[in-house]
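Encoded as structure tokens, the structure appears first; notes follow it.
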Amino acid sequence: MNVEDVVQWANNSIFDKTGEHLTPLQEAIVTGVWQRQKYPQIAKDYNCSESHVKKEAAKLWEKLREELGEDLNKYNFRSKLEKKHRVSQNSKSGHCLLQVDNINIGGQFIQTIEDTKIRSPNPPESPQNQARSPIIDLTDAPELPYFYDRTSELSTLKQWIVQANTRLITVYGLSGIGKSAIALKLIEQTQTEFDYIIWLSLTNTPTLSTLQTELKQFFGRSPQPALPTIIDYFRSSRCLVILDDVENIFKSSQLAGQYLAGYEDYGKFFKQIATSSHQSCLIILSWEQPREITALEALNLPARTLHLKGLGKESAEILREKGLADEEKWSDLIALYQCHPSWLNIIASTILEFFDGSASRFLTDNNDIYLGDLETILESHLERLSESEKNVSHWLASQDEAVDISQAPADIELSKSEFWQAIQSLARRGLLEKVQVGAGALFLLNPVFQQYIQSKSNPSSIKL
Ligand SMILES: Nc1ncnc2c1ncn2[C@@H]1O[C@H](COP(=O)(O)OP(=O)(O)OP(=O)(O)O)[C@@H](O)[C@H]1O
Ligand SMILES: [Mg+2]
């Protein structure tokens, strides 16, 4: 959504309501606030007093409240508008489509695609380098209310898809870290590369054959004749398939990435996607890496893995959107919760509820990481660990610093091989961080997970 769209949207909204257009100063305020400028800067650029900007801005927010909510202000204007609207670029015509997205992102995408389908009834025949109008089904995708940053991760993923023609991509990381969010953004930014895009969730653990039937039904929506296998569709057209929540087909209480009984054929399917020749891409979103994928990458096949970590400094936008106070303390809060977007959202809600939004009061007297509502999420990660991983996690949680793993510690009843397997598995779940110290690497447990493990061993140690 660019700033011209925003100004146009604000102008139209106000005109519909009052019959008046934005004043030039209001236009400057919308532009400035969208670009995260403060009122003094807007006043300086517009050559007027700050109090004049404030007065005009108050009128502006009042007029837009009906559209964006009663609590609208300069801090949340951008995020509220991004939530309300999605911009879908039609690169073929260069026309920018502003879409209202109040309920379900999937439904909205389908609407756009139905529209483009009419304009381009034979997408698979499109020449290679021409922008396509894909058939898209995002019914299974979650809603994406806000999206910040991820510039470098998006650029890596786009490079893999567009330049390197990578056939199999795994994005793994902790629950709530933003895997689905980044995949939705990626679709928005790469959709014209594809003829078909579909999002399927494995939450209800469909068998591979059910999944393949669903895929064939989707590909069957196009006018081209039905094909016998998924790989045939992957060859004849450029397809993007997102498989979300893939951890559901892996065993719990076992080392990471082992398929449930009856689901082993998924491993073969993934391998076939990486090894067969075709022009499509399958993206796996999961809490843990499938085991065979590392081997495929090691063989230099077109398969890549991205370990998705925290958000970086844009995490502050989450706290801003929540309306937290004491901005000077936000970086401490963000560091404490590892820039993890969901954790920050949850903790910010706690701070609003119990500390009137004061990050500073929350952080005072709080040397431990307060877990609160994060416990349920962390519990679901702990439940999935094998006995050896639990053993190693307890040992790691008792360490004050990053550790050398070249030898199994004496106080753990595991062979060196079992110890290394457990370490590798914890890393494949994104629970272990690697720290480079000089020429060697040391390892430490995610600090929030570490706090959780410590609290399980000593429940009275966690205080608000
Ligand atoms: N880039 C982002 N900008 C803003 N908020 C984000 C971002 N990424 C994630 N979030 C927030 O975190 C929430 C969880 O993100 P998401 O659903 O993508 O996580 P996930 O990794 O897919 O989790 P799960 O594995 O449990 O499905 C989102 O609803 C959103 O509130
Ligand atoms: Mg998800």
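Among the residues making up the stretch 175-190, a single one is of a type in the set (Val, Ile, Thr), part of a helix (DSSP H, G or I) and over 20 Å from SER133 (Cβ atoms): ILE182. Residues of the stretch 141-192 that are of a type in the set (Val, Ile, Thr) and near ligand 1 (Cβ under 6 Å from one of its atoms): ILE177 alone.
Mind listing just one residue for me: the one in the stretch 68-83 that is within 22 Å of GLY19 (Cα to Cα) and surrounded by fewer than 17 Cβ atoms within 10 Å (Cβ to Cβ) and, of those, modelled with the lowest pLDDT? Out of the qualifying residues, it is GLU70. Among the residues making up the stretch 370-381, those that are crowded, with 17+ Cβ neighbours inside 10 Å and under 21 Å from LEU426 (Cα atoms) are LEU371, LEU374, ILE377, LEU378, HIS381. Based on this model, can you work out whether LEU382 counts as assigned to a helix (DSSP H, G or I) and touching a Lys or Arg at 6+ places or on another chain (Cβ under 9 Å)? So LEU382 fits the description; yes. Of the residues GLU418, GLU433, GLU401, the single one that is in a helix (DSSP H, G or I) and charged (D, E, K, R) is GLU418. Which residues, counting only those in the stretch 331-385, are farther than 16 Å from GLN450 by Cβ, of a type in the set (D, E, K, R) and under 24 Å from the mean Cα position of the chain (by Cα)? Passing the criteria: ASP332, ASP373, GLU383, ARG384.
Taking ILE231 as the residue in question, decide whether it is outside the structural domain of SER388 (by TED's automatic domain parsing), buried (at least 17 other Cβ atoms within 10 Å of the Cβ) and among the aliphatic types (A, V, I, L, M). No; evaluated as a whole, the condition is false for this residue.
Exactly one residue out of ILE249, ILE197 is in the same structural domain as CYS281 (by TED's automatic domain parsing) and within 23 Å of THR151 (Cβ to Cβ), and it is ILE197. Scanning the stretch 193-202 finds no residues that are under 20 Å from ASP265 (Cβ atoms), crowded, with 20+ Cβ neighbours inside 10 Å and aromatic (Phe, Trp, Tyr).
Here is a yes/no grid of residues against (1) of a type in the set (Asp, Glu); (2) closer than 30 Å to LEU260 by Cβ; (3) under 14 Å from the mean Cα position of the chain (by Cα):
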| site | (1), (2), (3) |
| --- | --- |
| GLU143 | yes, yes, yes |
| TYR172 | no, yes, yes |
| ASN204 | no, yes, no |
| THR207 | no, yes, no |
| LEU240 | no, yes, no |
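The values are calculated or read from the model by the stated rules, or taken from the named source; none is laboratory data. The structure displayed is predicted, hence computed values, not measured ones. Virtual Cβ from ideal backbone geometry, glycine too; neighbours counted across all protein chains shown.
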